[in-house]
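**Student:** Take a look at the following structure, please.
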Amino acid sequence: MKEFLSQHGVPWTEKYVDTDRAAAMEMIRASGQTGVPVTIIGDEVVVGFDRPRLEQILASTPSGSPTRNGRMPLGARVADAANYALRGGKATPGAYVGGVNLGSPAEVAGLRAGDIVTAVDDTPVNSVDELSKALKGARSNNVKLSVTRGATTREVRVQM
């Protein structure tokens, strides 16, 4: 695996989940799996050494870097907020942040697990699909996100 990633110019970090409990929990949160290896490239999670899938991901990114459409991915694991968050007994629209990758644009912007992204550059976001489309269609690499955390809503800038 190390040689494969290195040959494709992908920076990587090796973690020993058998002796590092925090790394094991991070792997399980990211992939939902307890088997190894787990490779995370951008927002893509590959369980096992699935060479065709890894090559497909790397081929769809410029120079093998973990980017999409020339932009860094957000670096947050998201799900439809309607599946996770209720307000007054009603499903909440938006993209629920389940976790944030270390060093990612999401972490730099201050996103945290439990946040709900409700808009991208003032365009409402009701689901993960809408968040993805809005990020891909953003006019600049400096994207404004409206984020609800608890009872407060704030705006953050994400450098993609």
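**Student:** Being among the β-branched types (Val, Ile, Thr), modelled with pLDDT under 80, over 30 Å from residue 154 (Cβ atoms) and touching a Phe, Trp or Tyr at 6+ places or on another chain (Cβ under 9 Å) narrows it down to one of 61, 39, 34, 13, so name that one.
**Tutor:** 39
**Student:** Which condition breaks for residue 93 when tested against (1) within 22 Å of residue 30 (Cβ to Cβ); (2) in contact with a helix residue (DSSP H, G or I) (Cβ under 8 Å, 6 or more places away or on another chain); (3) modelled with pLDDT under 90?
**Tutor:** Just one mismatch for residue 93, condition (1).
**Student:** Could I ask something else about it? Based on what the data block shows, is residue 45 in a strand (DSSP E or B), open to solvent by less than 60 Å² (accessible area, probe 1.4 Å) and either touching a Lys or Arg at 6+ places or on another chain (Cβ under 7 Å) or modelled with pLDDT of 75 or more (or both)?
**Tutor:** Details: in a strand (DSSP E or B): yes; open to solvent by less than 60 Å² (accessible area, probe 1.4 Å): yes; either touching a Lys or Arg at 6+ places or on another chain (Cβ under 7 Å) or modelled with pLDDT of 75 or more (or both): no.
Answer is no for this residue.
Condition check ((1) in contact (Cβ under 8 Å) with a residue 60 or more places away in the chain; (2) surrounded by 18 or more Cβ atoms within 10 Å (Cβ to Cβ)) across all residues:
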{"position": "136", "(1), (2)": "yes, no"}
{"position": "139", "(1), (2)": "no, no"}
{"position": "142", "(1), (2)": "no, no"}
{"position": "158", "(1), (2)": "yes, yes"}
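**Student:** Can I ask one more? What pairs come out if I take residues in the range 12-25 that are closer than 14 Å to residue 39 by Cβ and open to solvent by less than 100 Å² (accessible area, probe 1.4 Å) and pair them with residues that are assigned to a helix (DSSP H, G or I) and aliphatic (A, V, I, L, M) whose C-beta lies under 8 Å away, six or more apart or interchain?
**Tutor:** Taking only residues 6 or more apart or on different chains, the pairs are 15/23; 15/27; 17/23; 17/24; 17/27.
**Student:** May I ask you to say which residue of 121, 115 is among the acidic types (Asp, Glu) and surrounded by 20 or more Cβ atoms within 10 Å (Cβ to Cβ)?
**Tutor:** None of the other options fit; the residue is 115.
The values are calculated or read from the model by the stated rules, or taken from the named source; none is laboratory data. Note that the structure is predicted; figures quoted are calculated from it, not measured. We place every Cβ from the backbone using ideal geometry, glycine too, and count neighbours over all the protein chains shown. The protein model used for the area step is the full one, side chains on, heavy atoms only, and it has no ligands, DNA or RNA in it. Shrake-Rupley method; radii C 1.70, N 1.55, O 1.52, S 1.80 Å.
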